[in-house]
Amino acid sequence: MTAAIAKYLAMGGYARYVWPAYGVAVVVLGGLVLESIIAYRRRRAELARLERGRPLR
Amino acid sequence: MHRFANPARFMRLSAALLPWCAWSAALLIAVGLVLALFIAPADYQQGEAVRIMYVHVPAAWMASFVYAVMAAASGASLVWRHPLADIAARSAAPLGAGFTLVCLVAGSLWGEPMWGTWWVWDARLTSVLVLFFLYLGYIALVNAFDEPTRGSRAGAVLAVVGVVNLPIIKFSVDWWNTLHQPASVFRLGGPTIAPSMLWPLLIMAVGFMLLFFTLLLVRMRTALIAAKVRALQLLASDDTARPTPRARHATLDPAR
């Protein structure tokens, strides 16, 4: 079982090319997803505070 | 198009569309990853390294597609001066830059084992690098002005002019002798790639496309909410400090 997993992860000797390629996609696209969601939530919270009439900061 | 260009209508429409876009993007990318990493066969020449294709190629398609969207929105913003078109272009730029970066890095990681080099200044690779710098230049330019509308105007001109790079990218592999291979999916006479590899590729590509539209909608909504926040803050500062503007004028202009 572990041997089969190790063999799979080795990617026929191309592990050091295949996994970084997927890694960069996860980091860059995942980063964009996170950044988009965080900025959206922050703005929405700001708007909610303003509409309740409390001062910012 | 103009019917959807009303910000209030956009907020309603995008709120309804977002969950569908987001969940179908997540589903397609998950299925695409399973197919790409477990089901798709190794290539008879490239072995397992061919799996890099399922990241590199959809990212490359998106790099050009997002630029086309950004340029179209920029053109619309120049012609009709509509703020939503402008917001669409600004929101698309970081996404396009991200896809282009993924395409370049994954391509480089594919080039080393298959071509024996990380990078070569052939027409395809160079024109995609230029595309990446166009995105970065656009982002820098639109943020370089104190007045947002001036930044948008300048950025829109850059985005529209930069469109000449798209056909150069597409046809670079035919016009010049490139190390990069010519098209094997979108070509006359049909794809020259086995269905067992084509399907994972197409599913990943549609997943990336849906991810782009999801994030575009989120970022456009963020920009619209930010504009509303700014307007409310201006209003609030006007209410609390009513006498100040007049007082400031008096000191600046003693003759009055």
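Would you mind giving the mean number of other chain beta-carbons within 10 Å of the Cβ of each residue in B:102-111, as a whole number?
Rounded to a whole number, the mean comes out at 5.
Arrange the peptides B:160-167, B:200-207 so that the one whose residues have, on average, the most other Cβ atoms within 10 Å appears first.
B:200-207, B:160-167
What Kirkwood Rh does segment A:2-51 have if only Cα atoms enter the pairwise 1/r average? Answer in Å.
So the Kirkwood estimate lands at 13.8 Å.
What are the ³J(HN,Hα) values, in whole Hz, obtained from phi via the Karplus relation 6.51 cos²θ - 1.76 cosθ + 1.60 with θ = phi - 60°, for each residue of segment B:216-228 in sequence order, with x given for Gly and Pro?
Per-residue couplings from phi come out as 4, 4, 4, 5, 5, 4, 4, 5, 5, 5, 4, 5, 5 Hz.
Reported to two decimal places, what Rg/Rh ratio describes segment B:20-219 when computed on Cα atoms with Rh from the Kirkwood expression?
1.00
Between the DSSP loop rule and a limit of at most 16 other Cβ atoms within 10 Å, which trypsin sites (Lys or Arg not before Pro) in segment B:53-155 are left?
Sites meeting the loop and neighbour criteria: B:R81.
Over all residues in B:213-225, what is the mean tally of Cβ atoms on other chains that come within 10 Å of each residue's Cβ?
What the average comes to for B:213-225 is 4.
Rg and Dmax in Å for the protein assembly as shown, alpha carbons only: what are they?
Gyration radius and largest Cα-Cα distance of the protein assembly as shown: 23.5, 89 Å.
Since every read-out is calculated from the coordinates, none of them should be taken as a lab result. Being a predicted model, the structure only gives us computed values, none of them experimental. Quick reminder, even Gly has a Cβ in these numbers, built from the backbone with ideal geometry, and neighbours come from all protein chains shown.
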